[in-house]
Every structure is written in C-alpha cells, then in structure tokens.
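Heads up, the thing below is written out as structure tokens.
The values are calculated or read from the model by the stated rules, or taken from the named source; none is laboratory data. A quick note: this is a predicted structure, and the numbers were derived from the prediction, not measured. All Cβ positions, glycine included, derive from the backbone under ideal geometry; neighbour counts span all protein chains shown. For the accessible areas, the whole protein counts, side chains as well, though only heavy atoms, and no ligand, DNA or RNA atoms are used. Shrake-Rupley method; radii C 1.70, N 1.55, O 1.52, S 1.80 Å.
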Amino acid sequence: MNKKLLLFFLFTTSIGFSQQIEFGPNISYGFTNIANSRVTEGRAVIGDALWNINEGFSVLYYFGNPHQKGTNGIHFEFVNSKRGSKSESNSGSEYNFDSNSLNLNYRRAGSLGNNFGIYADLGFGYNILDNNNIYSGNIDELSAFKKVNTNLTIKTNEITFLFALGVDKLILKDNFVVFFELNGDAGITKINEGSGSYRTQSMGFSTGIRYIINVKKKELN
C-alpha cells in the first residue's frame with residue numbers, strides 16, 4: 001500500500017511541476033546479448049547477438065518547452081522485448097526469453113531550430129523476465145554455448161543501467177512530435193541463479209510518435 005501511495009505522489013507531483021507532457025507508442029530494432037562479467041580473458045559475451053523488434057509506450061514530463069530552450073525532463077517507459085544470445089557454433093540454438101521493462105530516465109533536451117530538438121537520457125530499468133523454457137536448440141545448451149559452464153537458470157527480474165541519444169521534430173501544427181534515437185542498456189544485477197555472473201546488454205534504434213499536452217499553455221500566452 002505504501003509503494004502505491006509513493007508512486008501516486010510521484011506521479012501527481014511530476015504533473016504539478018511539469019510544463020509539457022508527451023505520451024505515445026514507440027518501436028525499436030536492436031540486439032541483445034548475455035555476458036559473463038567474471039571473464040578475465042577474451043570476449044565476455046557467451047554468443048552472438050540476438051536481433052529483435054521491440055514495442056513500447058512512454059510518457060514524458062518536461063519542466064520547460066524543449067523546443068524553445070534547454071530543459072530537463074522525466075521519461076517513464078514500458079518496453080516489451082526479447083533478450084538472450086545465439087550460439088556461435090550452432091545456428092539453431094539460442095537463449096531467448098521475454099522481458100517487460102519498466103524504465104525511468106532523467107532527460108536533458110534542447111532545441112536545434114526549425115522545430116528540431118535533441119536530447120539525452122540516463123536512467124535505470126527494472127526488467128521482469130519470463131524464465132520458463134529460455135533455451136531452444138537441437139543440441140545440449142552446454143555444447144551450443146562453450147562459455148557457459150552449467151545449464152543457465154535465470155531469475156525473474158534484473159536491474160539495468162539505461163542510456164539514449166536522440167533527435168525529434170514537431171509536426172501536425174506542433175501537436176505531435178516524432179523522434180529517432182540510439183539507445184541501450186547494461187545489466188547491473190546478474191540474471192543467473194547458479195555459478196558465474198551473467199548479465200544482459202542491448203543496443204538498438206527506436207522511433208515513434210507522441211502527442212503533446214501543454215499543461216501551462218495559458219500561462220505562457
């Protein structure tokens with residue numbers, strides 16, 4: 001109950017201090033991989049990158065108008081994605097599991113002129129992982145992934161560090177904004193239950209459109 005009250009307080013406080021709100025869907029294409037952070041020689045990743053299309057929805061609270069001057073913001077995001085790795089030696093074998101991510105970013109944004117803007121995000125994500133049937137392949141997973149010492153059993157969640165850099169543009173009488181960004185994450189907590197210290201990492205490109213609400217529009221006019 002206390003957590004729900006805290007979330008409600010943060011939500012209402014953000015709206016109260018924000019000048020502009022944006023919300024809308026986004027889609028991305030990128031890769032994920034699993035790395036063992038305890039590796040001291042050679043590559044830390046256990047296999048080849050796994051490429052997927054991911055979908056999400058985000059809400060932005062700006063404390064100023066980012067297309068007029070530099071300002072700060074808070075970016076809440078939900079993303080449904082696939083995470084894992086492909087075997088380097090056997091094309092039919094891979095770790096592949098669903099992740100529902102709840103991301104919270106600090107944003108710094110500014111104007112480039114002509115209704116173009118630029119921004120950077122830094123933050124943290126909480127990934128809810130589907131840890132059932134994570135491996136598929138026609139050979140044993142330890143044979144497919146030479147760098148994995150025991151069968152990989154993953155947890156139901158992980159915490160990641162997030163980063164993004166993007167550009168956006170106002171369209172349709174400044175009521176919508178479209179964006180294009182490079183983003184990624186790196187695992188902070190390990191995903192595995194057993195030996196080793198396995199973490200996920202990702203990199204990709206995202207695009208989408210958001211509707212703009214000017215909360216303090218009357219005061220600005």
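Quick notes on this structure:
- Considering only Asn90, Asn72, Phe145, and ranking their Cα positions along the charge dipole of the chain that arises from unit charges at the beta-carbon of Lys, Arg, Asp and Glu, the one farthest toward the positive end is Asn72.
- Quotient of the Cα radius of gyration of the chain and 2.2 N^0.38 Å, N being its number of residues: 1.16.
- Using the Cβ-Cβ distance between Asn138 and Tyr29 with R0 set to 22 Å, the FRET efficiency from 1/(1 + (r/R0)^6) comes to roughly 0.20.
- For Asp98 and Ile118, the difference between the fully extended length at 0.36 nm per residue and the C-alpha to C-alpha distance is 4.1 nm.
- Compared with the alpha-carbon gap, the fully stretched path from Ser37 to Lys173 is longer by 44.1 nm at 0.36 nm per residue.
- The label-point distance for Ile128 and Ile188, in a model that sets each label 7 Å from Cα toward Cβ, rounds to 1.9 nm.
- Its Cα gyration tensor gives the stretch 139-191 an equivalent ellipsoid. The semi-axes, each the square root of 5 times an eigenvalue, are 41, 13, 10 Å from largest down.
- Kirkwood-type hydrodynamic radius, the stretch 15-66: 14.6 Å, calculated from all non-identical alpha-carbon pairs.
- Average accessible surface area per residue within the chain, 1.4 Å rolling probe, Å²: 55
- Rounded to the nearest 10 degrees, the inclination of helix 2-17 to the longest alpha-carbon principal axis of the chain is 40 degrees.
- Alpha carbon convex hull of the stretch 113-170, projected area averaged over orientations, nm²: 7.0
- Surface composition of the chain: carbon plus sulfur atoms hold 59% of the accessible area, using a 1.4 angstrom probe and ignoring ligands, DNA and RNA.
- From the C-alpha gyration tensor of the stretch 27-146, square roots of 5λ in Å: 37, 15, 13
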